[in-house]
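This report concerns only the one structure given below.
Nothing in this text is a laboratory measurement; each read-out follows from the coordinates by a stated rule. Since the structure is predicted, the reported quantities are computational estimates derived from the model, not experimental observations. Cβ sites come from the backbone with ideal geometry, for glycine too, and all protein chains shown count toward neighbours.
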Ligand SMILES: O=P(O)(O)OC[C@H]1O[C@](O)(CO)[C@@H](O)[C@@H]1O
């Protein structure tokens, strides 16, 4: 039994019941499931906020869904969910609360964080809104051209420097909400320690009119600090000014005031957040400042309202209608009982071009774990490989494998009834064709094309196997009216809570990320070997040979 009072997943009777049920289902085809229930398409739908989820094309029956809900109950998903919303320290390996939901709580809400001392916790909501208010005032000043740089010229370009959760969220949302951005302001994102990233981002920028937003929860991340230092050098050289110019051109988004001050950024220009906000759950905190500057505080708050709609749904909707619970359990089903290794997220929206990359961190950094909360190795599959790009581009690249390959790859198809506001009428008219493709793909993946259907088209016999589509490839369709700030918030919260549900069932800590540490430490050890030819103790022969070849190619040896 663990802290939640549950046993190991693979020994739970509910898990074993699902295994038996899977055997009974055998190779059942979606064609049969639809034929057996003429109302399946409507029945297997759930609504949350402005989102409608059609999950009818999944390899499930009423019995499967019932057994999955029983598993969730026995696994203590609801208990852990309450513990999260109540501010308990559910991130046990880092001994932290997990309270990103407090970032979108209304002003009058009370959310107390467990201080870990057994005493009643502090209400974090006033601090959340104080920072939001400061961000709003700052964003308004920049947008109105009232925030002047060192030479007195108004800021017109914003460069966000951050990586991982301090980049992917705001960069994704900036693309998603492009139609809502102030087109007069140039907002760019730099993340990679490859100097080419900053080099390209700085092209055409005037230092006198450029603001750098250094986003780093820890303010120790080597990529971010390296890029921020180079950006500071570029700024001061361009302005021909001393360190005093930094105050007007650099702001920091961080939990680490000391390191911010050490870097030379005035801490009055620091927007804070807290250790109970995980990096990949942080873009609705101060980490969203560049986004807020781009879309304005009102739109940012609409986005937060969207997040909150799904938070409330997740907390209160009954299991049968609980969208994040359902999405999470479908993933548990495919990973646990179909051996599915990956999960495709395919948004039929050009504006969501970075959405799947964002979800990669959210999902894979959260649930890419192989020991349970007790530190015991798991015998069940945990987080899948998440991948995908916007439709229809993917159709002309990897959909062949989705349709006729040997692997089962569950996919989410995301689409919108209306094109984003502001498109020229002729371009908005293309939207029906875009959505026809989404609907067609879901249909083709589920129902395929039988040999008989192929033959009936007069296809030569030897061609028939090549032109047959087995179908039975599961998809969930998420349909919303339009990609607004609120709808984006709803979508992100839906996936946040889906990931939560899966981590809870799999009994893993979804909120730590120890797996990224080793590479960071080794890179720090190897760098002096590359630059100075320093001896690095204990290098394996492969790395040592590569280092030697690198140095020789650089003409250093
Ligand atoms: O915001 P920071 O502290 O610079 O960290 C950036 C990213 O690095 C990680 O810690 C590990 O990649 C992520 O979880 C985080 O989002």
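Some points to look at:
- All told, residue 416 falls short of being crowded, with 21+ Cβ neighbours inside 10 Å, over 30 Å from residue 298 (Cβ atoms) and in contact with a strand residue (DSSP E or B) (Cβ under 6 Å, 6 or more places away or on another chain).
- Qualifying positions in segment 303-330 - part of a loop (DSSP other than H, G, I, E, B) and buried (at least 24 other Cβ atoms within 10 Å of the Cβ): 322
- Segment 36-76, residues that are touching a strand residue (DSSP E or B) at 6+ places or on another chain (Cβ under 6 Å) and in a helix (DSSP H, G or I): none
- Odd one out for residue 517, checked against (1) within 16 Å of the ligand (Cβ to nearest atom); (2) exposed (fewer than 14 other Cβ atoms within 10 Å of the Cβ); (3) in contact (Cβ under 8 Å) with a residue 12 or more places away in the chain: (3)
- Hits in segment 251-270 (condition: within 23 Å of residue 157 (Cα to Cα) and more than 13 Å from the ligand (Cβ to nearest atom)): 251, 264, 265, 266, 267, 268, 269, 270
- Only a single item in (1) touching a residue at least 24 places away in the same chain (Cβ under 8 Å); (2) over 22 Å from residue 401 (Cα atoms) is not met by residue 337, and it is number (2).
- Residue in segment 358-365 that is touching a strand residue (DSSP E or B) at 6+ places or on another chain (Cβ under 7 Å), crowded, with 24+ Cβ neighbours inside 10 Å and part of a helix (DSSP H, G or I) present: yes
- Tally, over segment 35-71, of residues that are free of Cβ contacts under 8 Å to residues at least 24 places away in the same chain and under 14 Å from residue 473 (Cα atoms): 1
- When segment 143-192 is filtered for residues that are free of Cβ contacts under 8 Å to residues at least 40 places away in the same chain and within 12 Å of the ligand (Cβ to nearest atom), only 191 remains.
- One residue alone among 229, 218 is touching a helix residue (DSSP H, G or I) at 6+ places or on another chain (Cβ under 9 Å), within 12 Å of the ligand (Cβ to nearest atom) and either in a loop (DSSP other than H, G, I, E, B) or free of Cβ contacts under 8 Å to residues at least 60 places away in the same chain (or both), and that residue is 218.
- Number of positions in segment 207-233 that are surrounded by 24 or more Cβ atoms within 10 Å (Cβ to Cβ) and within 22 Å of the chain's Cα centre (by Cα): 7
- Among residues of segment 417-435 that are within 13 Å of residue 482 (Cβ to Cβ), those with a beta-carbon under 7 Å from a residue that is part of a helix (DSSP H, G or I) at least six positions away or on a different chain give the pairs 419/428; 419/431; 420/179; 420/351; 421/179; 422/179.
- Candidates 284, 275: the one that is surrounded by fewer than 18 Cβ atoms within 10 Å (Cβ to Cβ) and either within 11 Å of the ligand (Cβ to nearest atom) or under 23 Å from residue 115 (Cα atoms) (or both) is 275.
- Flag if residue 236 is part of a helix (DSSP H, G or I) and either away from the ligand (no atom under 16 Å from the Cβ) or under 21 Å from the mean Cα position of the chain (by Cα) (or both): yes
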